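Contents: one structure, followed by commentary.
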Amino acid sequence: MPAEIHIYFEGDKLLKPGFDTLFGELKKRARDKRCGFRLINSKSGEEARQDFETALKASRGAWPILLRDSEGPLRRNPAVPHRDRVFWMVEMMEAWFHADPAALEKFYGARFQKSVLKTHLNVEKIPKKDLEKGLAAATRKSKKGNYYDQKTSHGPQLLAALDTALVRQAAPNCERLFQAILTHLH
């Protein structure tokens, strides 16, 4: 078992509290096993990949993981080194929001238009353009305004508001991340 788990993710450091809440079960399990759990942000997917690869070479008792947007449909078995440590938000982090429309509705309140969101049992099958278009249209007239105008403040709050079980159920790659970490902590 590693001394620490480090998740390198693409995105603003302001996302850390949201991911911290969403990954609360993993963090608690790590703490119970006396294993550290850190979220480390990088501005872009490429920066996150480079930081992850640097961490792999350093290997100082930590188990580095890479979490990033796929930016498009994910091939069945993407040819990436360290596949067991690379996890995808398909096609983008906002797909996870679609797994829990009730959390979005509660957050945005009056005039949130849930009906314009694309629904799918597997949110990873929703194309990026549909995710963006739907989220913009659903939030545009809400009291809090368009998600994309407030992404750095709304994103972390929405991540924290999501029902983790719903996200894991609707996003197979999120479930794969949870299972890999939980298995590693046994």
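Just so you know, all these numbers are worked out from the coordinates, no wet-lab data involved. A quick note: this is a predicted structure, and the numbers were derived from the prediction, not measured. Every residue, glycine among them, receives a Cβ derived from its backbone with ideal geometry; neighbour counts consider all protein chains shown.
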Taking the 0 to 90 degree range and rounding to the nearest ten, how far is the long axis of helix 172-184 tilted relative to the main principal axis of the chain, both from C-alpha atoms? 30
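With a ≥ b ≥ c the root eigenvalues of the C-alpha gyration tensor of the range 4-98, is it rounded (a/c under 1.5), prolate (a/b larger than b/c) or oblate?
The shape class here is oblate.
How far, in nm, would the chain grow between K114 and K57 when pulled straight, counting 0.36 nm per residue and subtracting the alpha carbon separation? Mind dumping the intermediate values first?
Values: separation 57, 0.36 × 57 = 20.52 nm, distance 4.51 nm.
Full extension from K114 to K57 adds 16.0 nm.
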Rounded to 5, the percent of DSSP beta bridges in the chain classed as antiparallel: 0
From phi via Karplus (6.51, -1.76, 1.60), per-residue ³J(HN,Hα) for the range 26-33 in Hz, x at Gly/Pro: 5, 4, 5, 4, 4, 4, 4, 9
Q179 versus K43: modelled label distance in nm, points set 7 Å from Cα along the beta carbon direction: 3.7
Just want the answer: with Cβ charges of +1 for Lys and Arg and -1 for Asp and Glu, which residue in M92, F23, W63 is farthest toward the dipole's positive end in the chain? F23
Taking the chain, the equivalent ellipsoid from its C-alpha gyration tensor has semi-axes in Å, biggest first, of 29, 17, 15
Working out 0.36 nm times the residue gap between Q50 and D20, then minus their Cα-Cα distance, what length gain in nm do you get to one decimal? 8.6 nm
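If a/c stays under 1.5 just call it rounded; otherwise compare a/b with b/c (prolate if a/b is bigger, oblate if not). Do that for the range 70-157, with a ≥ b ≥ c from the square roots of the Cα gyration tensor eigenvalues. Show your work: numbers first, answer last.
Numbers: a/c = 2.57, a/b = 2.07, b/c = 1.24.
Prolate, because a/c is 1.5 or more and a/b exceeds b/c.
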Mind jotting down the distance between the C-alpha centroids of the range 1-60 and the range 112-186, whole Å? 19
May I ask you to order 154-161, 88-95 by the average number of other C-beta atoms within 10 Å around their residues, highest value first? 88-95, 154-161
Rough spin-label spacing in nm, given labels placed 7 Å along Cα→Cβ, for R75 and H186: 3.1
As a check on your grasp of the helix formula, calculate [θ] at 222 nm for the chain: sum -39500 (n - 2.57) over DSSP H runs of n ≥ 4, divide by the residue count, round to the nearest 500. -13000 deg cm²/dmol
